[in-house]
Amino acid sequence: MGTARVTTGMGTRRATHTDPAAILAAAKARVAVDRHGVHGVAHWARVRENGHRLARHTGADKELVELFAFLHDCCREDDNSDPDHGARAADFASSLRGSLLHLADERFELLFKAIRDHELGFTRADVTVMTCWDADRLDLGRVGVRPDPKRLCTAAAKDRDTIDWAFRRSRTA
Ligand SMILES: [Fe+2]
């Protein structure tokens, strides 16, 4: 899908856009844990929505935030802490480059870092990376944990109304 050919006035060239739906499909095909569990597709959808909400304030790269949402937990082997699931997912993202994932090196490096390190608890990074991490951490209510502002990265995510909104929504999901 991401390598469709496009006819232009200059002839035919390879399209180089990334189709988020194709990335989501690839992530769903890869996932080994319960798709309906705490790290499944509904979680990815809430991370995506959280990320878009935060990006309006942080200026994060929205396409990268969306790709992060779909990919970051797709290589889990269990629903516990599962060390290195971030590194596995980052490698999976690398494997999609050139077929489904078309990003310049600089943007791919941001996505790779966001995915690889999302499980490590860091709070300082590029604003797009921090927005990705916050989007994920704002969904902790699904496992009964209220997001702690000290463990969030951006002012937008630390905002009390945002935490309240995300917590309520994740609890009722
Ligand atoms: Fe997650």
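The values are calculated or read from the model by the stated rules, or taken from the named source; none is laboratory data. Quantities reported herein were computed from a predicted structural model and do not represent experimental measurements. We place every Cβ from the backbone using ideal geometry, glycine too, and count neighbours over all the protein chains shown.
Could you list, ordered by first residue, the pairs with Cβ atoms under 9 Å in which the first is in region 148-167 and closer than 10 Å to A135 by Cα and the second is exposed (fewer than 13 other Cβ atoms within 10 Å of the Cβ) and aliphatic (A, V, I, L, M), at least 6 apart or interchain?
Pairs found: none.
Applying the selection to region 117-171, what residues are among the basic types (K, R) and within 13 Å of the ligand (Cβ to nearest atom)? Before you say what the answer is, go through the steps one by one.
Filtering region 117-171 down to residues among the basic types (K, R) leaves 124, 137, 142, 146, 150-151, 158, 160, 168-169, 171.
Those that are among the basic types (K, R) and within 13 Å of the ligand (Cβ to nearest atom): R137, R142.
With the structure loaded, tell me whether D91 is surrounded by fewer than 16 Cβ atoms within 10 Å (Cβ to Cβ) and within 13 Å of the ligand (Cβ to nearest atom) or whether it fails that test.
On the way: surrounded by fewer than 16 Cβ atoms within 10 Å (Cβ to Cβ): yes; within 13 Å of the ligand (Cβ to nearest atom): no.
It is false that D91 is surrounded by fewer than 16 Cβ atoms within 10 Å (Cβ to Cβ) and within 13 Å of the ligand (Cβ to nearest atom).
Looking at region 11-25, which of its residues are in contact with a strand residue (DSSP E or B) (Cβ under 7 Å, 6 or more places away or on another chain) and either in a helix (DSSP H, G or I) or over 16 Å from A93 (Cβ atoms) (or both)? It would help to see each step written out before you state the result.
Step one: list which residues in region 11-25 are in contact with a strand residue (DSSP E or B) (Cβ under 7 Å, 6 or more places away or on another chain), which gives 12-15, 18, 23.
Scanning region 11-25 gives T12, R13, R14, A15, I23.
If you check C75 against the conditions, is it within 14 Å of the ligand (Cβ to nearest atom), at pLDDT 95 or above, under 20 Å from D34 (Cβ atoms) and not β-branched (V, I, T)? Outline the logic, then answer.
Values: within 14 Å of the ligand (Cβ to nearest atom): yes; at pLDDT 95 or above: yes; under 20 Å from D34 (Cβ atoms): yes; not β-branched (V, I, T): yes.
Criteria met by C75.
Pick out the one residue from A25, A104, A60 that is over 24 Å from R171 (Cα atoms) and surrounded by 23 or more Cβ atoms within 10 Å (Cβ to Cβ). First the steps, then the outcome.
Numbers: A25 fails: surrounded by 23 or more Cβ atoms within 10 Å (Cβ to Cβ); A104 fails: surrounded by 23 or more Cβ atoms within 10 Å (Cβ to Cβ).
Going through A25, A104, A60 in turn, just one is over 24 Å from R171 (Cα atoms) and surrounded by 23 or more Cβ atoms within 10 Å (Cβ to Cβ): A60.
Determine which single condition G141 fails, assuming it passes every other condition in (1) farther than 21 Å from L67 by Cβ; (2) assigned to a loop (DSSP other than H, G, I, E, B); (3) out of contact with any Cys (no Cβ under 8 Å at 6 or more places or on another chain).
(2)
Kindly check whether there is at least one residue in region 107-128 that is crowded, with 19+ Cβ neighbours inside 10 Å and more than 15 Å from the chain's Cα centre (by Cα).
no
Here are some residues: D84, D79. Which one is of a type in the set (D, E, K, R), more than 28 Å from A155 (Cα to Cα), surrounded by fewer than 17 Cβ atoms within 10 Å (Cβ to Cβ) and more than 14 Å from the chain's Cα centre (by Cα)?
Details: D84 fails: more than 28 Å from A155 (Cα to Cα).
Checking each option against the conditions leaves just D79.
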